[in-house]
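J.: Here you go, one structure.
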Amino acid sequence: AGVYILPRRNWKSGDAAIGDEEVETGPYEILDLRRSLEAHAAYLAAEHGTPKQIEKLRDAIETMEGNVSRVTVFHRADETFHMTLAEMSNNTLLEEYIADLWARRRGALWNRWYKPTQSAAHRLGTIEDHRLIFNAIQSRRPMAAMAAMHVHIDKLVNRFLELEIEPDQRPASRASKK
């Protein structure tokens with residue numbers, strides 16, 4: 001009896017099976033949970049981050065700054081930034097959940113929604129957001145780090161909301177709220 005969590009290597013990220021049909025996680029659901037979990041990770045990172053981890057955050061930002069036009073390199077550095085924050089939380093379960101949410105971004109539905117929101121201007125905005133998060137962590141201000149992460153994820157949500165996608169293309173839980 002009880003709840004058992006499978007080792008991460010046994011998880012199938014990005015989708016869930018319902019009957020014989022594969023169901024992919026929608027962008028809103030991913031971002032909704034990322035907003036909560038990553039903000040908490042940023043809070044904990046400001047409390048627990050080591051100088052080496054803080055340097056790794058700085059390196060990720062510098063890689064992003066130097067690769068605004070190289071989208072693949074930029075996105076890898078973006079993920080490194082977020083996964084380093086998760087690591088800095090000193091909470092392995094939180095780190096695994098955040099890693100799973102990032103893995104779910106590799107699905108077709110996420111890509112269809114995310115691709116139209118990609119632009120150099122948005123990438124520059126992401127760098128600015130990461131700098132605010134970084135500065136709060138470096139100065140050991142947990143509430144500021146959490147608030148900066150909320151703002152960062154909220155901007156991503158707003159990019160999706162600005163897309164002109166027909167209601168039937170939105171996840172059912174969001175389409176019914178419109």
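J.: Are there any helices (runs of 4 or more DSSP H) wholly within the range 53-130 with 2 or more residues that are under 21 Å from Ile30 (Cβ atoms) and of a type in the set (S, T, N, Q), and if so which? Steps first, answer last, please.
T.: Numbers: elements: 71-88, 92-104, 108-114.
Correct list: 71-88.
J.: Could I ask something else about it? Scan the range 36-62 residue by residue and report those that are of a type in the set (Val, Ile, Thr) and over 23 Å from Asp154 (Cα atoms).
T.: Thr50, Ile54
J.: Taking into account only those residues within the range 56-93 that are more than 17 Å from the chain's Cα centre (by Cα) and β-branched (Val, Ile, Thr), which is farthest from Ala121 (Cα to Cα)?
T.: Among those that are more than 17 Å from the chain's Cα centre (by Cα) and β-branched (Val, Ile, Thr), it is Thr63.
J.: Are there any pairs with C-beta distances below 6 angstrom linking a residue in the range 137-154 that is closer than 16 Å to His82 by Cβ to a residue that is among the basic types (Lys, Arg) and buried (at least 19 other Cβ atoms within 10 Å of the Cβ), with the two at least 6 apart or on different chains, and if so which?
T.: Ile153/Arg34
J.: Scanning the range 106-162 for residues that are modelled with pLDDT of 95 or more and among the basic types (Lys, Arg), which turns out nearest to Asn67 (Cα to Cα)?
T.: Arg131
J.: Name the single residue that is most open to solvent (accessible area, probe 1.4 Å) among those in the range 94-112 being more than 15 Å from the chain's Cα centre (by Cα) and in contact (Cβ under 8 Å) with a residue 12 or more places away in the chain.
T.: Ala108
The values are calculated or read from the model by the stated rules, or taken from the named source; none is laboratory data. Quick caveat, the model's predicted, so the values are computed rather than measured. Because the Cβ atoms are built from the backbone with ideal geometry, glycine has one as well, and the counts that use them run over all protein chains shown. Surface areas here come from the heavy atoms of the whole protein model, side chains and all, with no ligands, DNA or RNA. Shrake-Rupley method; radii C 1.70, N 1.55, O 1.52, S 1.80 Å.
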